[in-house]
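Have a look at the structure below, then the notes.
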Amino acid sequence: MQVLDIIIYITALSIILIGFFVYRNPDSIAGYNTMSDEQKGNYDIVRFKKVLRNILVIGGLLIIFVNLLLGLFELNAWRVLPVILILLVVCFYIVYKGRNFYTDNESKNSVRLYWILSIPFLLIVGISIGIYYGIKETEVIVSSEKIKIKGVYGFVIPTENIQKVELIERLPAMGYKTNGFSGVDDILKGNFRAKNKEDYKLFVYSKHPPFLKIIYNDNQKVYINFKTTSETTQLYNEIVKNL
């Protein structure tokens, strides 16, 4: 299981748990907990908390199911998009249904405005976090026992499994990403597939050669570099020294 899968499953389970939590603790619902006693009296919280629980549980289960389905068909590049779409549907459904439990029109508009303003904020935060970890420079830790690549798509290579290390000037002809990050500057991270159908991992700035190529575990490949030649060369020398 990859780190991205773990993040998606934690997100889904968190949504499900929040659903059960707000059902048992309706006073924790944002907006409702700031109402006056009179406003609470005009709102059917018993029905609303059931709807809120159900939509959150269904949304969380749907995220898990879709992620498993995409993994089954190896459509890894599409795993994040369904999560965003499902969360959007959940938010808009809550906006739509939440108003129906209010008898006061003015309060209906207030609740609707609150949720509508929350949606873009949550999206911006979520997308920003994803982009931050995508563009963050790869950290590589080298020792005599292993090479550890840190980050969302990171993994560990035992040094005893390394077959070859070399510096190259060109990356293989890339076909598409199978589970990775791209589209910001020239950063490529994660799992990719070449035009010849060969799978490999990238942690590179594609326009800043050279690239460090590591062959390990029976011809598996990973390519790493930094923005400067000196940093990439330094990493190469450090790895060679520890082999």
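Screening Phe211 with (1) surrounded by 16 or more Cβ atoms within 10 Å (Cβ to Cβ); (2) closer than 16 Å to Gly134 by Cβ gives one miss only, at (2). How many of the residues making up the range 135-177 are of a type in the set (Ser, Thr, Tyr) and surrounded by 15 or more Cβ atoms within 10 Å (Cβ to Cβ)? Going through the range 135-177 one residue at a time, the tally reaches 3.
The rows are residues; the columns are (1) surrounded by fewer than 17 Cβ atoms within 10 Å (Cβ to Cβ); (2) more than 23 Å from Leu81 (Cα to Cα); (3) in contact with a His (Cβ under 7 Å, 6 or more places away or on another chain).
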| position | (1), (2), (3) |
| --- | --- |
| Asn179 | no, no, no |
| Asn191 | no, no, no |
| Tyr205 | no, yes, no |
| Asn237 | yes, yes, no |
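From the list Ile224, Ile215, Ile187, Ile149, the lone residue that is in contact (Cβ under 8 Å) with a residue 40 or more places away in the chain, hydrophobic (A, V, I, L, M, F, W, C) and more than 15 Å from Glu137 (Cα to Cα) is Ile215. Taking the range 95-110 as the range and being under 12 Å from Val51 (Cβ atoms) and modelled with pLDDT under 55 as the test, no residue passes.
The values are calculated or read from the model by the stated rules, or taken from the named source; none is laboratory data. Being a predicted model, the structure only gives us computed values, none of them experimental. Here the Cβ is made from the backbone with ideal geometry for all residues, glycine too, and neighbour counts use every protein chain on show.
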